[in-house]
Amino acid sequence: MSVGMMNASGQVRSCQLVKPVPMTLVTSRYLNHQKGLPHVPVPPLRETCESYISFLEPIVEEDELKQTKQLVEEFMKEGGVGEKLQRMLEKKACNTDNWVSSAHYFENRNSVVIYSNYSIVYPRMAFRDEQEHISVCVTRYFETLPAENFGGNPLCMEQYSQLLSACRIPGLETDSVMFHGKNSNYITVAHNSQFFMVDVYNSDGTLLTVDQLCVQLKRICNSSEIHTEPVGILTTLNRDSWSKVYLSLIKEQTNKESLSAIERSICTVCLDRAMPQESQEFSLCDFHLVTHGGGSQWNSANRWFDKSLQIIIAEDGSWGINVNHIAADATVTMAFTDYLVASMKKPEMMQSAITPSPMPQKLHFSITPDIRKVIEEAKRSMDRNIQNLDLNVMVFDHFGKDYLKARNLSPDAFIQMALLLAYYRMNKQCCASYEAAFQRMFRHGRISLVLPTSSVSAAFVKAFDDPKKQNTQKINLLEKAIKTHRENTNAVIRGHDIVIHLYALNMQAVENKISMPDIFTDTSYNKFLDFQLITSQVTSKTGSVVVQQVDDHTGYHGCYGVYDSHFVFELAASNTYKRQNAHHLIQAVKDALLDMRALLEQSPRAT
């Protein structure tokens, strides 16, 4: 990985180069265990259906639940449609590496910005002076990446090979993704909403030195114009609109070549203008910068949001990455970025190369009046979407995982109960919720869904503020809810994801043109999938924070990191649904955590 520093006048300073590590796809020695990974099992039908009823209990009315139980019994009966769909799914599982479809990543036709991509925000870099501008260029990585395991079981490493040299391609009905792997030997650099190809290898196969890269960055900053067509803003459009414009663009050969160059690059490095913000380690502006660029007047056009990986660096030291979710899930990307940041802290001086580097190649676009109109529409649409984003971040420093582990309580399950309690206090009802977990113990494993809302957790949140309940009763309910959540999490990680199982059975009916079973047209099923609280734990070794995508209507989306003496929360929602308020919810989470600690300390068990 190479680092060059540049000041506002375009002067590039020589600096230390982070020790390089090779960039390829995940190499064969890390994929040796892939063939030995088990396939995702198809859960037993009856077990899934019984769990389904259990998870419905706290979120539907009694009469609805009674009707749904009848529909489930009909669905499960011997020789019924449920068994037929189950056999079809089991047959599919035997003929594919992973029956869990990844098609849902393409189903959302909203803009990928805010609604699909996620971002990781780093603590600000400490530059030598305020005007230094750092460009981080990933050139080599995976050769030093160790194979991961969980509980002694190897994990699927495939997602790491998809982070670089990949791009989402817009389609009229559905998008696709292209992985270019080892064929890429250059990065794309975005500056002033223009794009440049920069080779990161010399003709002899060696990496660019820091001096060579500094020269390239200086050339880009000197040649990029301030007033130009902001083509990158088109990638912020909803997928239907963007796919039509994309087809119009590629009719012209220059556009087709420039688009292909961006799509095939290792990654995109975005050199941004600094946005006004508070002077603290983490500012909300940092999160907005990395998530969407700040709007059409700032850096939103200095992006290519379809790229699997964008590294974003602003002049004031704010920086992070923006990731297209089709490439990899946040836990994988966080491991990648933790490695990235750790490498930056181990500088190594490298000798300058004698061979001059070729000039960065500016990518040109031919923009018609019609496309120019769409660019203006994209600017307005992006700014509206940003206005609708309610994004909040909180560092909770009153206690952390050490406090909870000393009481033999799972920190993750404790936080999930606090989230449910906060939501219940705000809305006076329980909601469907899920926590994202990985299924990487299986071949091609991605995300699975753990359901924190259960009859057990509902009993806890309803009892917590009940003055008629004794503290010992409340603690018993809390411990039972935590135990249940841990059991459910372990079951899901090992392949029993009832949400995905039911969805797959539903899709078997669609694909095989079977009349849709009543269980899937029932109102209870819609409520089961109407997730109002969607969270995940992604903890960083370097203090980074994940910003998850949000729904454009209802629901809170968030991420949290668990540390020895503190937690970090990110919660977001759409302002289009007036009953939602992410700021109020994150404060309610803080209150819930403090009240739950107070409950523990009031009990003799805390001694």
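The values are calculated or read from the model by the stated rules, or taken from the named source; none is laboratory data. None of the values given here were measured: they were computed from a predicted structure. Here the Cβ is made from the backbone with ideal geometry for all residues, glycine too, and neighbour counts use every protein chain on show. Please note that ligands, DNA and RNA were not included when accessible areas were found on the heavy atoms of the full protein model with its side chains. Shrake-Rupley method; radii C 1.70, N 1.55, O 1.52, S 1.80 Å.
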_Criterion first (among the polar types (S, T, N, Q) and on the phi > 0 side of the Ramachandran plot) does residue 408 satisfy it?_
yes
_residue 503 being open to solvent by 30 Å² or more (accessible area, probe 1.4 Å) and part of a helix (DSSP H, G or I)_ = yes
*Only residues in region 80-95 that are farther than 14 Å from residue 40 by Cα count as the first member; pair them with residues that are of a type in the set (D, E, K, R) and in a helix (DSSP H, G or I), Cβ under 8 angstrom, at least 6 apart or cross-chain, and list the lot.*
80/74
*Give the residues of region 446-482 that are within 18 Å of residue 58 (Cα to Cα) and either β-branched (Val, Ile, Thr) or without any contact (Cβ under 8 Å) to a residue 12 or more places away in the chain (or both), sorted by residue number.*
450, 453, 456, 461, 466, 482
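Name the residues in region 549-590 that are part of a loop (DSSP other than H, G, I, E, B) and in contact with a Leu (Cβ under 9 Å, 6 or more places away or on another chain), would you?
550, 555, 575
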*Which is touching a residue at least 60 places away in the same chain (Cβ under 8 Å) and under 21 Å from residue 369 (Cα atoms), of 296, 265?*
296
_Consider region 247-275. How many of its residues are more than 25 Å from the chain's Cα centre (by Cα) and not small (Gly, Ala, Ser)?_
10
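Residues are listed down the side, and each one gets a yes or a no for (1) touching a strand residue (DSSP E or B) at 6+ places or on another chain (Cβ under 7 Å); (2) part of a helix (DSSP H, G or I); (3) of a type outside the set (Lys, Arg):
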position	(1), (2), (3)
359	no, no, yes
402	no, yes, yes
414	no, yes, yes
417	no, yes, yes
437	yes, no, yes
444	no, no, yes
453	yes, no, yes
*For region 512-529, does any single residue satisfy the condition of being at pLDDT below 90 and either under 24 Å from the mean Cα position of the chain (by Cα) or open to solvent by 10 Å² or more (accessible area, probe 1.4 Å) (or both)?*
no
_List the residue pairs whose Cβ atoms are under 8 Å apart, where the first residue sits in region 135-163 and is open to solvent by less than 10 Å² (accessible area, probe 1.4 Å) and among the hydroxyl-bearing types (Ser, Thr, Tyr), the second is modelled with pLDDT of 50 or more and part of a loop (DSSP other than H, G, I, E, B), and the two are 6 or more positions apart or on different chains._
139/200; 139/208; 139/266; 141/164; 160/145; 160/328
*State whether the residues of region 129-152 include one that is in a helix (DSSP H, G or I) and modelled with pLDDT of 75 or more.*
no
*Could you pull out the residue among 248, 318 that is modelled with pLDDT under 90, among the hydroxyl-bearing types (Ser, Thr, Tyr) and on the phi < 0 side of the Ramachandran plot?*
318
*Considering each of 316, 329, 306 in turn, give the residue that is open to solvent by less than 10 Å² (accessible area, probe 1.4 Å), assigned by the TED database to the domain that holds residue 272 and within 17 Å of residue 269 (Cα to Cα).*
306
*Assess whether residue 373 counts as being farther than 30 Å from residue 199 by Cβ, over 30 Å from the mean Cα position of the chain (by Cα) and at pLDDT 90 or above.*
yes
*Could you identify the single residue in 460, 464 that is within 17 Å of residue 601 (Cα to Cα) and open to solvent by less than 30 Å² (accessible area, probe 1.4 Å)?*
464
